[in-house]
Structures are given as C-alpha cells and as structure tokens.
Amino acid sequence: MINSDKHSQIRFAVVVPMFNEEQGTEECIRKIIQILSSLPNDPVLIAVNDASKDETGHILSSLKDTMPGLCVIHHEKNIGYGAALITGAREAHRLGYEYVLFMDSDLTNPPEHIPRFVEKMEEGFDLIKGCRYCSGGEVRGVLYYRYIISRIGNLIAQVFFGLGLADCTNGFRAVKTKRFLDMPLRERGFPVIMEELYWAKKLGLSCASVPTTLYNRTETQRPTSFAYTPSVFWSYLKYPLYSLIFSGATK
C-alpha cells in the first residue's frame, strides 16, 4: 500500500514521446492523466510531439487547453525518439521534477503500473526498469517469435551489463532527471534504451526492477515501425558488448 504522506515527497514527471499516433493520442493522454491525478505527488505529463505529420500535434494542443497536469512540447522537425526523451527530461528538470518516467505513446505500457515505480523512487534508486521477465511481469498479445527474440536478447544483455536487470530493452522506466541528463546520449531511435544502460553502468547508477506487463499494439493503431533485422540487432546489442569489453579493460 502506498503511503500518501511519504510519496508526496517525490516529484516526478511522465514523459511520452509521440510521432504519428493520432488514433490513440487522446486515449493515451486521458488514461495517464487519470492515474496521475489519483497520486499525491503532484506529477505532470509531458507529451513531446516529434513533428508528427498527422493530427497528433493538433490533438495534443486541444487537450492541453482543457486538461490540468498536461504539458505539451512540439518539435519543429522530426529528430527521433532519443531526442524527444531529452526534450522531455530538460523540461522536467526546468520544472523541478526529481524523476522522469518514460512511457510509450501506444498504451503498451499500462498507466496503472505507474505507482509501482513511485515505490522504488521513494527508496532512492537512480534507474527503475519495468520488467516483463520477473515475478509478476508478463507479455500479452505479442507474437511468439518476437517474444523469443526479445527474451534471448535480454538474457544476453542481462549478463553483459551486469546491472541485475532482467528486462533491459523495456522502454517503461524511470530515471533521476539529473542523472539522465548527465548521460551523453547520441542515439536517435529506440536503441537509446540500451545506450542508457551503458551509461548507467559507467556512471555507477543504482538500479531496480518493478514487474509490469507489455501489451501489443491494437489493430486500430498504425503498425509498429520496429523491424527485426541484423542492423537492428546490432544497434541494441552493441551497448552490452561495449559495456563488457570496456569494463573488463578498466579492471
């Protein structure tokens, strides 16, 4: 059970990068705000529109005018998921939020699990990862071959990073805002999730996991742009490999 008095001490912002998500934008924002409004932490939702070509930006702007707790930032040009995370984190830092909690824009990460992260924030961890592959975590609706590939990749990353995290590729995670902004991140796309862990190890961040569920995108949403190709595998797995090589070289 969450201690309201205790948790009111931790201030965090949820950051959701968005690109061409007009079919689910309003539902995503409303569901996250509903959960945040039930928490005593005075959290805020920062939606970063990465120069969407559809109606995502217009929907976000109209919601901002009527929805307390929603902050909207628009990129003038598309500069990628990694850059959108940094934009959101910089705004969270400007507003004085101690943690940033990153979520996907398609509700594949359940907003009702946000309080699980808050509990670990109260314990002071620098990086808190949502975990599909630990007790209480699960995957729903994802094609079996994708699950197997993800599971194998995460087992490799778990061993190479040595951070005690069973789910390294999950994008549902919270980081102390200042520690995140200290990372010299370069990745534009989703591999930034692995680049974060490379720097987390290099900077000595404390890490913890919370069980969560990953859902598949619904049929009404645009198809995922993620593809399982050799170049994609390398873009993810090079960071745990670098971590293993360079940490061994410094011993």
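Numbers below:
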| read-out | value |
| --- | --- |
| Inverse of mean 1/r across different Cα pairs in the chain, Kirkwood, Å | 18.4 Å |
| Within segment 4-249, percent of DSSP bridges classed antiparallel, to nearest 5 | 25 percent |
| Amide H contacts under 5 Å for GLU22, placed H, 5+ residues apart | GLU55, THR56 |
| VAL210 long-range amide H proximity, modeled H, under 5 Å | LYS129, GLY130, CYS131 |
| At R0 = 45 Å, FRET efficiency that the Cβ-Cβ distance of ASP42 and ARG186 yields, to 0.05 | 0.85 |
| Selection from ILE156, THR25, SER61, by position along the positive dipole direction of the chain (Cβ) | ILE156 |
| Which of TYR145, LEU244, VAL15, positive extreme of dipole for the chain (C-beta unit charges) | LEU244 |
| Within the chain, helix-based [θ] at 222 nm, where runs of 4 or more DSSP H residues each add -39,500 (n - 2.57), nearest 500 | -12500 deg cm²/dmol |
| Partnerless Cys - the chain, beta-carbon criterion under 4.7 Å | CYS28, CYS71, CYS168, CYS207 |
| Whole-number D in µm²/s for segment 1-102 (Stokes-Einstein; Kirkwood sum over Cα pairs; 20 °C, 1.002 mPa s) | 155 µm²/s |
| Reachable lysines from LYS201, criterion Cα separation under 22 angstrom, eight or more residues apart if same chain | LYS120, LYS129, LYS176, LYS178, LYS238, LYS251 |
| Cβ charges +1 (Lys, Arg) and -1 (Asp, Glu), total dipole of the chain, debye | 860 debye |
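Coordinate-derived values only; no laboratory data. As the structure is a computational prediction, the values presented were derived from the model and not from experiment. Backbone-built Cβ (ideal geometry, glycine too); neighbour counts: all protein chains shown.
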